[in-house]
Amino acid sequence: MNVLGIGGSPRKDGNTDILLAEAMKGAKDSGAQTQEIYLRDYKISPCLGCHACDEKGLCVQKDDMQKIYHNLAQSGHIILASPIYFYGVSSHTKLMIDRCQCMWAAKYRLNKPVSGKGSKRNGAFISVGATKGKNLFEGARLTVKYFFDAIDVIYHDDLLIRQVDAKGEIKEHPDYLKKAYELGRQIAG
Ligand SMILES: Cc1cc2nc3c(=O)[nH]c(=O)nc-3n(C[C@H](O)[C@H](O)[C@H](O)COP(=O)(O)O)c2cc1C
């Protein structure tokens, strides 16, 4: 099955990008076709909360999210990567997630399939934050868990890294890069 990688950091070539790239390398090495998208390259408006999607399971806003809906529906497994921002996912990531309310509505209100894939899809979450707080990933993990559920993806695995802050600092931690690579291999395998 193919693997879609979604990068949610606004910082190009930062820690999240590097970890995602390693994971996608792992997925590719285990034979998957891979595609990476970076949310900072898309213009995504916030969810309007208009509930128009309750009718047909489709969003009325016509922006770059339409391309991402297609990716989300057609992909196999998904790896979502976001830095921690104020104990949650980045705003780029949250914008995309909120706009998936229409997929939630399709699944739970309209009983419609949200994915073109017949088989089980797994999801993995990669995240990195600067501090070492015990609850650092709690908010983000819950958000991603319910996002995956809405788009019919099972929360299969995660890689959550504390105390990495400066741009590219993750490269000083080959053990984390290896873990990201292994996560990618595993999800595709
Ligand atoms: C707006 C903003 C909010 C942040 N909030 C947190 C936070 O709540 N907890 C934390 O540990 N790190 C926080 N950080 C630090 C980032 O998570 C950290 O620098 C991370 O390595 C950035 O990943 P990137 O290089 O992929 O952008 C924040 C950074 C920014 C810019």
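With a ≥ b ≥ c the root eigenvalues of the C-alpha gyration tensor of the range 131-185, is it rounded (a/c under 1.5), prolate (a/b larger than b/c) or oblate?
oblate
Pull out the extension gain between Lys145 and Gln66, defined as 0.36 nm times the separation in residues minus the alpha carbon to alpha carbon distance; nm, one decimal.
So the extension gain works out to 26.2 nm.
Compute the separation of the alpha-carbon centres of the range 128-189 and the range 40-58 and state it in Å as a whole number.
With the range 128-189 and the range 40-58 each reduced to a Cα centre, they are spaced 26 Å.
About its Cα centre, how strong a charge dipole does the chain have in debye, to the nearest 20, once Lys and Arg get +1 and Asp and Glu get -1 at the Cβ? Before the final figure, lay out each step's value.
Details: 27 positive and 21 negative charges, 52 e Å.
The calculation lands at about 240 debye.
Which angle between 0 and 90 degrees, to the nearest 10, do you get for helix 15-29 versus the longest principal axis of the chain when only C-alpha atoms count?
80
With a sphere of radius 12 Å drawn around the Cβ of Ala150, what net charge do the other residues whose Cβ falls strictly inside it have (Lys, Arg +1; Asp, Glu -1)?
Working: positive: Arg99, Lys107, Arg109, Lys145; negative: Asp98, Asp149, Asp152.
Net of charged neighbours comes to +1.
Sort 46-59, 22-35 by the packing proxy (mean of other Cβ within 10 Å over each peptide's residues), most packed first.
22-35, 46-59
Treat the count of other C-beta atoms within 10 Å as a stand-in for reagent exposure and order Val128, Val144, Val60 from fewest to most. Each step should come with its number before you reach the end.
Numbers: Val128 28, Val144 25, Val60 11.
Exposure proxy ranking, most exposed first: Val60, Val144, Val128.
Using alpha carbon centroids, what distance separates the range 1-33 and the range 73-109, in Å?
16
Expected output is a single nm value to one decimal: the length gained when fully extending between Gln74 and Ala52, i.e. 0.36 nm times separation in residues minus the C-alpha distance. What is it?
Working it through step by step, the gained length comes to 5.6 nm.
What is the local net charge at Phe137, summed over the other residues whose Cβ is closer than 12 Å to its Cβ (Lys, Arg +1; Asp, Glu -1)?
Counting the neighbours of Phe137, the net charge comes to +3.
Within the set of other residues whose C-beta is less than 15 Å from the C-beta of Lys28, count the net charge using Lys and Arg as +1 and Asp and Glu as -1.
Neighbourhood net charge equals -2.
How tilted is helix 65-74 with respect to the longest principal axis of the chain? Cα atoms for both, answer in degrees (0 to 90, nearest 10).
80
Counting other Cβ atoms within 10 Å, keep those with at most 16, restrict to DSSP loop, and tell me which chymotrypsin sites (Phe, Trp or Tyr not before Pro) in the range 1-69 are left.
Filter output for the range 1-69: Tyr42.
Just rank Ser127, Ser45, Ser90, fewest to most, by other beta-carbon atoms within 10 angstrom.
Ser45, Ser90, Ser127
Suppose we take every Cα in the range 3-188 and form the convex hull; what volume per residue is that in Å³?
In the range 3-188, the Cα hull volume divided by residue count equals 103 Å³.
Which three lengths, in whole Å and largest first, does the range 19-106 cover when its Cα atoms are put on their principal axes?
The Cα atoms of the range 19-106 stretch 42, 31, 20 Å along the principal axes, largest first.
By how many degrees, between 0 and 90 and to the nearest 10, does the Cα long axis of helix 174-188 differ from the longest principal axis of the chain?
On a 0 to 90 degree scale, this one is about 30.
With unit charges on the beta carbon (Lys/Arg positive, Asp/Glu negative), name the residue among Gly14, Leu80, Ala180 whose Cα is farthest towards the positive pole of the charge dipole of the range 3-188.
Most positive-ward Cα: Leu80.
Could you check the spin-label model distance between Lys120 and Phe86? Points 7 Å from the Cα along Cα→Cβ, value in nm.
That separation, rounded to one decimal, is 3.8 nm.
Bear in mind that the values in this text are calculations on the coordinates, not laboratory data. Just so we're clear, the structure is a prediction, and the values are computed from it rather than from any experiment. Backbone-built Cβ (ideal geometry, glycine too); neighbour counts: all protein chains shown.
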